[in-house]
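Take a look at the structure set out below.
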Amino acid sequence: MKRWLAIASGALIAVACWMALVVFAARGGWFRPSPPEKSDTAAFLHWAESRYKDQSRGNIAIVLIEQGRVQESYFASHGRPVNDRSLFQVASLSKWVTAWGVMTLAEQNRIDLDAPVSRYLTRWHLPEGPFDNDAVTVRRLLAHTAGLTDGLGFQGFPPDEAPPSIEQELAHTTDAMPGADGVVRVGAEPGSHWRYSGGGYLILQLLIEEVTQEPFNSYMQRAVLRPLGMTQSTFVDPDSAHLVDFYGPDGSLALHYRFTALGAASLYTSAADMTRFLQAHMAGSDGSVPGRGVLMPTTLAAMHKPIAFLYGLPVWGAGPTLYAPDGTGGYIIGHDGANFPAINTTARINPANGDGIIVLETGSISLAREIGGQWTFWQSGIVPLDTLVLIDGRGILIATAAGAIVIFLGAGFAVRRMRGRSNLGPL
C-alpha cells in the first residue's frame, strides 16, 4: 500500500512539474514559430498581413513604429478602403486613454489617487457590502485591483436604442457581455488581487464628470486628445465620412453599437491619432518630452510601474497593461480591446527604445491580440500572459494533458508490475 501511495504521489508531483515546464516553455515561445530577425520589420509586417488574409473578412490598419517613427504600415479591407485616417471604434483600448484623463486631474491636485473614490462622487455610490468601500481608491480602479467583481465587458446599444445614463448603467447594467456579473459592487477585498472590471472605468468616467463638471468627452477633448494632436479622435459622434464599416466574423456588415461606458469602450480613433498617442510616451526628435505637456514624464513613469500581479507576475500599471519586461527594468506597455460582433484592437509601446505597434480591425475577435502578442514576443522573447491564455491556451492544455496521460499510464504500469510480483508469492 505504501508503495502504491508513493507511486501516486510521485505521479502527481511529476504532473505538476510537467505543467510548470509546459508553461515556462510556452512563456519563452518554445511552441511558437521563430519570429523574423529583430531588424527585419518588413518581414514581421508580411507575417501580420498573411494572418489578416487568412483570418479576417473585415478591415484592418497596422502601424509599426521604430524609435518613435512610423517604419511600416498596412491597410486593407474587404469593403470600403481604409487608411491611416479611418476611424475605428477601439473597445477597451479606450481605457488607456481614459487613464490619461484621470492622471491630469491628479497632476492638478484635484484628486488624490489613494483617496476613496467615493470622496468625489455625488450622483452614484457603491452599494454597501461585506467589504470596505473606502478602500476602493482611484489608483486601484485604474489597475483593476479595487475588488470589483462585475466582470464587465459592455456590449453597447444598437442604433435604435438610447443608451442609459451613467447612474442607470452603474445601478443596473443592461448591456453586460455574456458571463459577466454585471453588478458594479465590491465583491472581494480591495487591493487583494487583480480582477478585470469595466465597471471600474465607468466609475472613473463618472469621477471625471463630477470633478470637472464637464461632459466626459468634452473634458477628454480639451485636456488630452487635442493637446496630443489626436484631432480626429472622440468618444462620441464620430465623423461618419471617416468611420469604417463594421464587420462580423463571417464578413457580413455588423451593427455599430453605442455606449454609456464611453471611457471603458467607446473611443473612436485612427491609426494616425494612435500613432501620436504612442509617440507621446517617449521623447520626440524635436526635443519634446514624454507626455507632451499633457502629463509630466514622472507621471507617465509612475503609470508604468506594477500595481497588479497575476501568478506572481506584474500585469497592470495605473492604466496600461504590462505585457513583458523590456530588458531595462521597465515594461512593454499598452492595451487591447475587443467587442461584439468582431472588433479587436491593440496598441503597444516599448518606451525604452520607442518601438511600438498599432492594430485596429473588425472581422475577427482575436486577430489584433494575436499580432500584438507575436510582436511582444518579437520584441522581448517573452510571450505575454494574455496571449498564453487566450491564443495559445488550447495548445498548452493539449501538451499538459498529453504529458499527464503519459505520466499516469506509466504509474499504472508500475502498479500492475508490483501487483504481478506480489501475486507470485515467495520464491
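Listed conditions (1) within 15 Å of Gly101 (Cα to Cα); (2) open to solvent by less than 20 Å² (accessible area, probe 1.4 Å) are all met by Ser218, apart from (2). Of all residues in region 295-323, those satisfying the criterion of being at negative phi and touching a helix residue (DSSP H, G or I) at 6+ places or on another chain (Cβ under 6 Å) are Leu295, Thr299, Ile307, Ala308, Trp316, Gly317, Ala318, Pro320, Tyr323. Kindly indicate whether Gly68 is open to solvent by 10 Å² or more (accessible area, probe 1.4 Å), among the small types (Gly, Ala, Ser) and touching a strand residue (DSSP E or B) at 6+ places or on another chain (Cβ under 7 Å). Answer is no for this residue.
Counting only residues that are open to solvent by less than 30 Å² (accessible area, probe 1.4 Å) and within 21 Å of the chain's Cα centre (by Cα), region 153-189 holds 8 of them.
Among the residues of region 92-151, what is the count of those that are small (Gly, Ala, Ser), part of a helix (DSSP H, G or I) and in contact with a helix residue (DSSP H, G or I) (Cβ under 7 Å, 6 or more places away or on another chain)?
Residues flagged as small (Gly, Ala, Ser), part of a helix (DSSP H, G or I) and in contact with a helix residue (DSSP H, G or I) (Cβ under 7 Å, 6 or more places away or on another chain) within region 92-151 amount to 5.
For the structure I just gave you, tell me whether Arg222 is in a loop (DSSP other than H, G, I, E, B) and basic (Lys, Arg). For Arg222, the condition - in a loop (DSSP other than H, G, I, E, B) and basic (Lys, Arg) - is not met.
Go through region 276-362 and tell me which strands (runs of 3 or more DSSP E), entirely inside it, have 1 or more residues that are open to solvent by less than 10 Å² (accessible area, probe 1.4 Å) and out of contact with any Pro (no Cβ under 6 Å at 6 or more places or on another chain). Output list reads 308-310, 331-339, 343-350, 355-362. Considering region 363-377, the residues that are among the hydrophobic types (A, V, I, L, M, F, W, C) and farther than 27 Å from Pro297 by Cβ include one that is surrounded by the most Cβ atoms within 10 Å (Cβ to Cβ), namely Ala368. Can you confirm whether Gly263 is open to solvent by 30 Å² or more (accessible area, probe 1.4 Å) and within 30 Å of Gly191 (Cα to Cα)? Answer is no for this residue. Of all residues in region 247-259, how many are more than 20 Å from the chain's Cα centre (by Cα) and open to solvent by less than 20 Å² (accessible area, probe 1.4 Å)? Going through region 247-259 one residue at a time, the tally reaches 2.
The values are calculated or read from the model by the stated rules, or taken from the named source; none is laboratory data. Since we're looking at a predicted model, the values are computed, not measured. Note: ideal-geometry Cβ built from the backbone for every residue, glycine included; neighbour counts use all protein chains shown. Note: accessible area is taken over every heavy atom of the protein model, side chains too, but ligands, DNA and RNA are not part of it. Shrake-Rupley method; radii C 1.70, N 1.55, O 1.52, S 1.80 Å.
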